[in-house]
Amino acid sequence: MLTKTNKLLSILNAKLAKYSTECLIELEHSSFLLAISGGIDSMTMSSLIVQLRDKYKFRLGFAHINHNAHSESVKVEKFCLQYSKE
C-alpha cells in the first residue's frame, strides 16, 4: 500500500505528465513558480514538487508575500526565505 506521501506524489506526477502532454512541452524546459504561505498545505506541496523537480529537471521558484496579518508574520517570512534557499 502506498503511503499518503507517495500517493500524493503519484497524483502530482500524473498531473504534471498530463500538463506536459496537453501543452506539448518538455518539463525539463519549463519553469514553475509556487506560492507558499509557510503553512502545512503549501509546505507539503512544495516538498512534493521539489521531488518532481529533481526527477524532471524543471526550474522551480517560490513566492511568499508577507501581509503582516499576524504576530508571527516576520518569522514565517524568514522561514519561507530560508526554505527557498535550501
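The values are calculated or read from the model by the stated rules, or taken from the named source; none is laboratory data. Every value quoted in this text rests on a predicted model; they were computed, and no experiment measured them. With ideal geometry, Cβ positions are generated from the backbone for all residues, glycine too; neighbour counts draw on all protein chains shown. In case anyone asks, the SASA skips ligands and DNA or RNA and just uses the protein heavy atoms, side chains included. Shrake-Rupley method; radii C 1.70, N 1.55, O 1.52, S 1.80 Å.
Summary table
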quantity: With every protein chain in place, the stretch 21-86: carbon and sulfur % of accessible area (1.4 Å); calculated: 57 percent
quantity: Accessible area in square angstrom per residue, the chain, 1.4 angstrom probe; calculated: 75 Å²
quantity: Amide hydrogen neighbours beyond the local backbone of residue 30, cut-off 5 Å, H modeled; calculated: 59
quantity: Angle in degrees between helix 4-23 and the longest Cα principal axis of the chain, rounded to the nearest 10; calculated: 60 degrees
quantity: Loop-located trypsin sites (Lys or Arg not before Pro) in the stretch 25-86, at most 15 other Cβ atoms within 10 Å (DSSP); calculated: 57
quantity: The chain - convex hull of the alpha-carbon atoms, volume per residue in Å³; calculated: 104 Å³
quantity: Expected 222 nm ellipticity per residue - DSSP helices of 4 or more, -39500 (n - 2.57), all of the chain, to 500; calculated: -19500 deg cm²/dmol
quantity: Spin-label zone in the stretch 54-68 - amide nitrogen under 16 Å from a point set 7 Å from the Cα of residue 34 along the C-beta vector; calculated: 54-65
quantity: Count of Lys pairs (Cα-Cα under 20 Å; at least 8 positions apart or interchain) in the chain; calculated: 12
quantity: Residues whose placed amide H lies under 5 Å from that of residue 38, excluding near-sequence neighbours; calculated: 43
quantity: C-alpha long axis of helix 40-56 to longest principal axis of the chain, angle in °; calculated: 40 degrees
quantity: Under 5 Å, built H, 5+ apart or other chain: amide partners of residue 62; calculated: 34
quantity: Gain upon complete extension [residue 81, residue 66; 0.36 nm per residue less C-alpha separation]; calculated: 4.3 nm
